[in-house]
1. Cβ-Cβ distance below 8 Å, separation of 6 or more or different chains: which pairs start in the range 71-83 with a residue that is within 16 Å of residue 38 (Cα to Cα) and in contact (Cβ under 8 Å) with a residue 40 or more places away in the chain and end on one that is assigned to a helix (DSSP H, G or I) and of a type in the set (A, V, I, L, M, F, W, C)?
2. Report yes if residue 52 is under 30 Å from residue 186 (Cα atoms), of a type outside the set (A, V, I, L, M), surrounded by 10 or more Cβ atoms within 10 Å (Cβ to Cβ) and at pLDDT below 80, otherwise no.
3. Being small (Gly, Ala, Ser) and under 34 Å from the mean Cα position of the chain (by Cα): is that true of residue 117 here?
4. Just to verify a result, which residue in the range 174-188, among those that are over 17 Å from residue 146 (Cα atoms) and assigned to a helix (DSSP H, G or I), is farthest from the chain's Cα centre (by Cα)?
5. Kindly indicate whether any position in the range 131-142 is within 30 Å of residue 186 (Cβ to Cβ) and of a type in the set (Gly, Ala, Ser).
Amino acid sequence: MTEQQTLDREKKIAVIREALEKATPGSWHMSKLSAGYLVDDRGKDITVFIEYNEDGSVHMEFENWQNNAHLIANAPEWLRFLLSELDRTERENRVLSGIAEKLRKENRKLLEERDEARRKAEEAWKEIDSLEEQLLSSQQEIEQLREERDKLIEGLQWYADEIKYMNWPSELWINQGQRARDILKEIGVTDV
């Protein structure tokens, strides 16, 4: 509803309330004694909606006059009821608007928390990816170190073999450390 529509609505409601306050109080009904008369609870005339013929008799040819009289007679009570319902729904609307605003705030907070959780999850996945890369790199390094260790063990075992020292000239003397230099070169040690 636009601001102008709200103002127009409030003015119309104010006009209706003012007219009801100025009207004869109490309930109205059709007179049982005089057709076409609306009376209050005390029998006092409220209004007349009949037409007389020239001879003074009541003109009874109005179309739908009884239904119209029923509507007019009940209009004040029905208008009060509708205004009361309008007031009640406006109060409920204010309460519901407050609840809706609270829910909107909670929803915004939840959306912010969700976004923060997503951001943290993305960071965690990046960290996991980084750790997996580090783990793979460490595993490769461990495998390389094992291979180097195995080569060193093989070289030490070759030099530790007593049989190589028993014969003259021994394989060790002939080799003169070349086997150790070859192994060191294979594992990347070049400053021997």
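1. Correct list of pairs: 76/20.
2. Judged against the criteria, residue 52 is not a match.
3. The answer is yes for residue 117.
4. Step by step, filter the range 174-188, then rank; the result is 174.
5. yes
The values are calculated or read from the model by the stated rules, or taken from the named source; none is laboratory data. Small disclaimer: the values here were computed from a predicted structure and weren't measured. Note that each Cβ is placed from the backbone with ideal geometry, even for glycine, and that neighbours are counted across all protein chains shown.
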